[in-house]
1. Inspect all residues belonging to the stretch 322-334 and state whether any of them is out of contact with any helix residue (DSSP H, G or I) (no Cβ under 7 Å at 6 or more places or on another chain) and more than 23 Å from residue 55 (Cα to Cα).
2. Restricting the search to the stretch 377-398, which residues are in contact with an Asp or Glu (Cβ under 7 Å, 6 or more places away or on another chain) and outside any loop (DSSP other than H, G, I, E, B)?
3. Which numbered condition trips up residue 324, out of (1) under 26 Å from residue 74 (Cα atoms); (2) of a type outside the set (Ser, Thr, Tyr); (3) over 12 Å from the mean Cα position of the chain (by Cα)?
4. Could you list, in sequence order, the residues of the stretch 112-151 that are touching a residue at least 60 places away in the same chain (Cβ under 8 Å), surrounded by fewer than 23 Cβ atoms within 10 Å (Cβ to Cβ) and charged (D, E, K, R)?
5. Consider residue 191 carefully, then state whether it is in a helix (DSSP H, G or I) and over 25 Å from the mean Cα position of the chain (by Cα).
6. Here is a list: 352, 378. Which entry is surrounded by 19 or more Cβ atoms within 10 Å (Cβ to Cβ) and assigned by TED's automatic domain parsing to the domain that holds residue 308?
7. I'd like the residue in the stretch 225-250 that is more than 23 Å from the chain's Cα centre (by Cα) and surrounded by 19 or more Cβ atoms within 10 Å (Cβ to Cβ) and, out of all such residues, is farthest from residue 277 (Cα to Cα).
8. Being surrounded by fewer than 16 Cβ atoms within 10 Å (Cβ to Cβ) and either in contact (Cβ under 8 Å) with a residue 12 or more places away in the chain or assigned by TED's automatic domain parsing to the domain that holds residue 269 (or both) narrows it down to one of 157, 180, 207, 192, so name that one.
Amino acid sequence: MQLRIRRARVLDGGDMVDVHVEDGHVSAVERHSTDAPERLADLEIDAAGGLVRPPFVEPHIHLDATLTAGEPRWNASGTLWEGIAVWSERKPSVTREDVLARAEQVLRWQAAQGVLFVRSHCDVTDPELTALDALLELRERVRDVVTLQVVAFPQEGIVSFPRGAELLEEAIRRGADVVGAIPHFEDTREDGVRSLEIAVDIAQRHGCGIDAHCDEIDDEQSRFVEVLATLAMRTGLGERVTASHTTAMGSYNGAYAYKLQRLLMRSQINLVSNPMVNLALQGRFDDYPKRRGLTRVKEMLAAGVNVAFGSDDVMDPWFPLGTGSPMQLAHSGVLAAQMTGQEEIAETFEMVSTRAARVLGLGDGYGVQPGRPASLVVLPASSRMDAVRRQVAPQWVVAGGDLVAERTPSPVRLHWLGDEHAIDFVRDADAEEATWRDASIVARPGR
């Protein structure tokens, strides 16, 4: 299909451009001009000054557990540890059909909101690896719309779980994309260090990256991220390694945090923070004041470390809420990480798009540029900050040149003191300098 997106902006405040798509790839990005010769297209989209951006990226979710909140019971304490216990009770009833149905439902939610690249952790402390096989099947089923990476995640440990290392390697042999670990959950610090060494060894032998749940605890003595970063640096795995959560970093003393910052920068590893779920799970054992429960997002970004935001959980034993919305995630990150500066808010947009793409190693397969796959979103927003503030969903979502989602804005009609107003962001579609703006349209005179 040939597609043309007219009057779009790739950059905040940038010139309007027309994006041309042929044979599933971006063929041209040209400055919009009313004098430009018309090109034939099977479908034309008028962005009316809105943003056209590469799709959103989910760097951390657990699709195997999603939509299981309350099964077999609710997490009464709200702690990470009870969540693991509840999932252990639910795990024996996991079936292929069960995982496929729940995981695909959430992928549909995400695709409708412009998320076309997803990294999902999958529990491999199941001797049958039922959920893993289901997600690998789903990866192939949805590949024309969503690119799904699967992390072999040893939820109950590698060293401390019977056959943990064997199951982890079998998961990679069956086709998992990334090696996982959970060192802070192992029985001892020595077991935690050994678990990371095993994960790195498997990754090196199979040519995989690593994404470890690391220091997801409020304990200021949990310091496995330094071990993971050192292994990444010494083995040359570097940017193919991700430390997810690292919430203990929010409890480290200043001197150690400064030393760690230098190590992380040198190692080139990525960090993934999950602001909504980290806020909900961490600090549960604190009296007041309670810790915020996040890693040092602002400081690590300032030091040149790549940091992305992930959803982590959607309606499962660890978190009973969630819709998979990347803009809700960015908005939560603004609050949780206190990133309220204008440029900081815009940066949270990148943390669910371009920065998350670096975590997944998408490289030249990502971006609205000629020659690259035509996967993109068209947002009814004037800027990244505007999109985050209003938590907008894309009006159009395109995957590989095919339109996969579209929505029609529906302004609220407000009857206010005798006048009628439309409360929404609407586009001035007929204006030469098309834009999206706050609507306050008087439809009838007051009395």
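1. No, the stretch 322-334 has no match at all.
2. Residues of the stretch 377-398 in contact with an Asp or Glu (Cβ under 7 Å, 6 or more places away or on another chain): 383-384, 395-396.
Within the stretch 377-398, 384, 396 qualify.
3. The single condition residue 324 does not satisfy is (3).
4. 144
5. Considered against the rule, which asks whether it is in a helix (DSSP H, G or I) and over 25 Å from the mean Cα position of the chain (by Cα), residue 191 comes out as yes.
6. Being surrounded by 19 or more Cβ atoms within 10 Å (Cβ to Cβ) and assigned by TED's automatic domain parsing to the domain that holds residue 308 holds for just one of 352, 378, which is 352.
7. Only one residue fits best here, namely 231.
8. 207
The values are calculated or read from the model by the stated rules, or taken from the named source; none is laboratory data. Note that the structure is a prediction, hence the values are computed from the model and not measured. Here the Cβ is made from the backbone with ideal geometry for all residues, glycine too, and neighbour counts use every protein chain on show.
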